[in-house]
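Student: Right, I'll just put the structure down here and ask away after.
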Amino acid sequence: MTMKVLGIESSCDETSAAIVMDGREILSNIVASQVALHSKYGGVVPEIASRKHVEFILPVIDEALARSGNGLKEIDAIAVTQGPGLVGSLLVGISAAKSLAYVLKVPWVGVNHILSHIAAAFLSSPSLKFPLIALVVSGGHTSLFRVESQTRMFLLGQTRDDAAGEAFDKVAKLMGLGYPGGQIIDRLAREGDRKAIPFPRTLLEPHSLDFSFSGLKTAVLQHIKDLGRKLSSIQIREIAASFQEAVVDTLVKKVLRAARREEIKEGVVVGGVACNSRLRERFFEEGNSSGIAVHFPPPALCTDNAAMVAAAGFHRLMEGQRSDLRLNAYSRFSGSHQR
Ligand code: KG4
Ligand code: ZN
């Protein structure tokens, strides 16, 4: 028997719906991005985001069903992002999931957004062996997990201030490069000298698996102030490359530190920042030399999407997890919500 799960994601500025069969096969994965709407404000405006989710959610679900060649009657279960994220945005996806599950009389489950990023790796690399180390690096999160199964994950460390993607976005903003900054910095860094400026690498205490990017962000700000005039295109490329190298260095070191400490030889890197080309290159090189295989999902599964939500939901539904109509959204990641 097969199980077709409708996944729904609306935690930030992407409205997405997907149909995934048995937690493995993506039948459709539709993403309506609001990036263009928010970019003129230099970041996501929560009120605009929730209004746009209301507008997009039903057409996006319809499109996901149509592309998968299924009608609502063929849906066996529903998975929806419960949090963390913008509460007003999350509630749009949750309300759609509740209504559909009620009408269709199918089981449904709310899933944690950060943990569903990890499920993207199960979709793209089905032969992954447990236990593994997972690094979730996105605009809102930088977290390291020990993953023992599709549903058992233990937090090893997380950022104490900015998320890695947030640092990319803020540094791009400091240089007047636009939003979101990750992709722009990635592109400019390819033409810059990454050794030009020795920005700090914050590794915290010798055994810590936490992260901190605010010192790096301040160092970039100070460097720009010291230059004291309009940045030349060479300077912009040098700052982009040197900043990116500092972030990548820290992420690589922490994952290898976690892998050594946990005696694990396999890892996955997921979330929007996992699209970064230098991060992929460095993990490939250093993973090879240290005997740790690091997998990356394709970019479309790294950024926010509902296929990962459907996959995460499938594994939880198979274990008998169910949500009911009392389920509410939550804005922050907390142990008690870790599902
Ligand atoms: O996972 P995601 O789509 O949304 C969140 O859950 O936050 O991640 C978005 C973040 C943004 O901060 C964006 O700047 C960053 O991912 N990002 C990148 C790249 N592409 C997207 N960061 C570095 N390099 C990239 N190529
Ligand atoms: Zn995300």
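Student: Taking amide H positions as placed 1.01 Å from N in the peptide plane, with prolines and chain starts having none, which residues 5 or more places from Ser212, or on another chain, fall under 5 Å of its amide H?
Tutor: Here the answer is Arg160, since their amide H atoms fall under 5 Å of that of Ser212.
Student: Let me ask something else. Please state the shape class of region 47-177: rounded when a/c is under 1.5, otherwise prolate if a/b exceeds b/c and oblate if not, all from the C-alpha gyration tensor. Before the final figure, lay out the partial values.
Tutor: Numbers: a/c = 2.11, a/b = 1.27, b/c = 1.66.
It is oblate, given that a/c is not under 1.5 and a/b is not larger than b/c.
Student: Let me see the P(r) profile for the chain: every Cα-Cα distance counted, bins of 10 Å, each bin given as a percent of all pairs.
Tutor: 6, 27, 33, 23, 10, 2, 0
Student: From the phi angles alone, apply the Karplus equation (6.51, -1.76, 1.60; θ = phi - 60°) to region 54-71 and give each ³J(HN,Hα) in whole Hz, x where the residue is Gly or Pro.
Tutor: 4, 5, 8, 4, 5, x, 5, 5, 4, 5, 5, 5, 4, 5, 7, x, 10, x
Student: Also, I was wondering about something else. Just to check I understand the Karplus step: with θ = phi - 60° and J = 6.51 cos²θ - 1.76 cosθ + 1.60, what whole-Hz values come out for region 89-103, glycine and proline as x?
Tutor: 6, 4, 4, 5, x, 5, 5, 4, 5, 4, 5, 5, 5, 5, 5
Student: Next question. How large is ³J(HN,Hα) for each residue in region 250-257, as worked out from phi by the Karplus curve 6.51 cos²θ - 1.76 cosθ + 1.60 (θ = phi - 60°), to whole Hz, x for Gly and Pro?
Tutor: Working through the residues one at a time gives 5, 5, 5, 4, 5, 5, 5, 4 Hz.
Student: Report the Cα centroid-to-centroid distance between region 10-53 and region 275-322 in angstrom, as an integer.
Tutor: 18 Å
Student: So, for the chain, what is the accessible surface per residue at a probe of 1.4 Å, expressed in square angstrom?
Tutor: Details: 14600 Å² over 339 residues.
For the chain, the per-residue accessible area is 43 Å².
Student: How high is the relative contact order of the chain, given as a whole-number percent (alpha carbon pairs under 8 Å, six or more residues apart)? Working shown, then result.
Tutor: Working: 739 pairs, mean separation 85.6, N = 339.
Here the relative contact order equals 25 percent.
Student: Now a separate question. Mind checking the dipole of region 129-296: about its Cα centre, +1 per Lys or Arg Cβ, -1 per Asp or Glu Cβ, Debye to the nearest 20? Intermediate results must be reported in sequence, preceding the final value.
Tutor: Details: 25 positive and 20 negative charges, 36 e Å.
Here the size comes out at about 180 debye.
Student: Then there is this: Which net charge results for the neighbourhood of Leu204, defined as the other residues with beta-carbon distances under 12 angstrom from its beta-carbon, given Lys and Arg at +1 and Asp and Glu at -1? Mind showing how you got there, number by number?
Tutor: On the way: positive: Arg160, Arg201, Lys253, Lys254, Arg257; negative: Asp161, Glu205, Asp210.
So the environment of Leu204 carries a net charge of +2.
Student: Around Lys129, under 10 Å between beta carbons, what's the net of Lys plus Arg minus Asp minus Glu among the other residues? Can you show the working numbers first?
Tutor: On the way: positive: Lys265; negative: Glu266.
Result for the neighbourhood of Lys129: 0.
Student: Of the listed pairs Lys170/Lys230; Lys52/Lys170; Lys40/Lys170; Lys217/Lys253, which have alpha-carbon separations greater than 22 Å here? Can you show the working numbers first?
Tutor: Working: Lys170/Lys230 18 Å; Lys52/Lys170 24 Å; Lys40/Lys170 14 Å; Lys217/Lys253 19 Å.
Where the Cα-Cα span goes over 22 Å, the pairs concerned are Lys52/Lys170.
Student: With the full set of protein chains in place, find how many percent of the accessible area of the chain is carbon and sulfur; take the probe as 1.4 Å. Could you put the intermediate results ahead of the total?
Tutor: On the way: 7780 of 14600 Å².
Solvent-exposed carbon and sulfur of the chain make up 53 percent of the total.
Student: Express as a percent, rounded to the nearest 5, the fraction of DSSP beta bridges in region 129-296 (both residues included) that run antiparallel.
Tutor: Numbers: 11 of 19 bridges.
About 60 percent, rounded to the nearest 5.
Student: Show me the ranking of peptides 94-102, 16-24 by mean Cβ neighbours inside 10 Å, starting with the highest. Kindly include the intermediate steps, with their values, before the conclusion.
Tutor: Numbers: 94-102: 19.2, 16-24: 23.7.
In descending order of packing, they fall as 16-24, 94-102.
Student: For region 129-296, what is the convex hull (Cα atoms) projected area averaged across all directions, in square nanometres? Display every interim value, and only then the final one.
Tutor: Numbers: hull surface 36.8 nm².
Answer in nm², one decimal: 9.2.
Student: Using Cα pairs under 8 angstrom and six or more residues apart, how large is the relative contact order of region 129-296, in percent? Numbers along the way, then the final one.
Tutor: Working: 311 pairs, mean separation 46.2, N = 168.
27 percent.
Student: Need the list of aspartates and glutamates near Lys4 for cross-linking: C-alpha distance under 12 angstrom, and skip anything on the same chain fewer than eight residues off.
Tutor: Hits, sequence-local ones excluded: Asp22, Glu25, Glu74, Asp76.
Student: Something else about it: Express in Å², to the nearest 10, the accessible area of Ser323 obtained by rolling a 1.4 Å probe over the protein heavy atoms while all chains stay in place.
Tutor: 20 Å²
Student: Which residues' amide hydrogens lie under 5 Å from the amide hydrogen of Ser28, considering only partners 5 or more residues apart or on another chain, with H built in the peptide plane?
Tutor: Counting only residues 5 or more places away or on other chains, the set is Ile19.
Student: Using modelled backbone amide H atoms (1.01 Å from N, in-plane), which distant-in-sequence or interchain residues come within less than 5 Å of Met3's amide H?
Tutor: Asp22
Student: Sticking with this one: Of the DSSP beta bridges with both residues in the chain, give the percent that are antiparallel, rounding to the nearest 5.
Tutor: Values: 25 of 42 bridges.
Among the beta bridges of the chain, antiparallel pairing accounts for roughly 60 percent.
Student: Projecting each Cα onto the charge dipole of the chain (Lys/Arg +1, Asp/Glu -1 at the beta carbon, about the Cα centre), which of Ala189, Gln321, Gly85 comes out farthest on the positive side?
Tutor: With unit charges placed on the Cβ atoms, the residue in question is Ala189.
Student: Given a Förster radius of 25 Å and the C-beta distance between Leu227 and Glu47 as r, what FRET efficiency does 1/(1 + (r/R0)^6) yield to the nearest 0.05? Working shown, then result.
Tutor: Working: r = 36 Å, r/R0 = 1.46.
That pair, Leu227 with Glu47, gives E of 0.10.
Student: For Phe154 and Leu203 in the same chain, what is the full-extension length gain: residue separation times 0.36 nm, less their Cα-Cα distance, in nm?
Tutor: Working: separation 49, 0.36 × 49 = 17.64 nm, distance 2.07 nm.
Taking 0.36 nm per residue and subtracting the Cα distance, the gain is 15.6 nm.
Student: Given Cβ point charges of +1 (Lys, Arg) and -1 (Asp, Glu) and nothing else, what value in debye, to the nearest 20, does the dipole of the chain about its Cα centre take?
Tutor: On the way: 39 positive and 34 negative charges, 81 e Å.
The dipole magnitude comes to about 380 debye.
Student: With the crude spin-label approximation of a point 7 Å out along Cα→Cβ, what separation in nm comes out for Ala196 versus Ala66?
Tutor: Roughly 4.7 nm, to one decimal.
The values are calculated or read from the model by the stated rules, or taken from the named source; none is laboratory data. Bear in mind that the values here come from a model prediction, so they are computed numbers and not experimental data. Here the Cβ is made from the backbone with ideal geometry for all residues, glycine too, and neighbour counts use every protein chain on show. Accessible surface areas use protein heavy atoms only, side chains included; no ligands, DNA or RNA. Shrake-Rupley method; radii C 1.70, N 1.55, O 1.52, S 1.80 Å.
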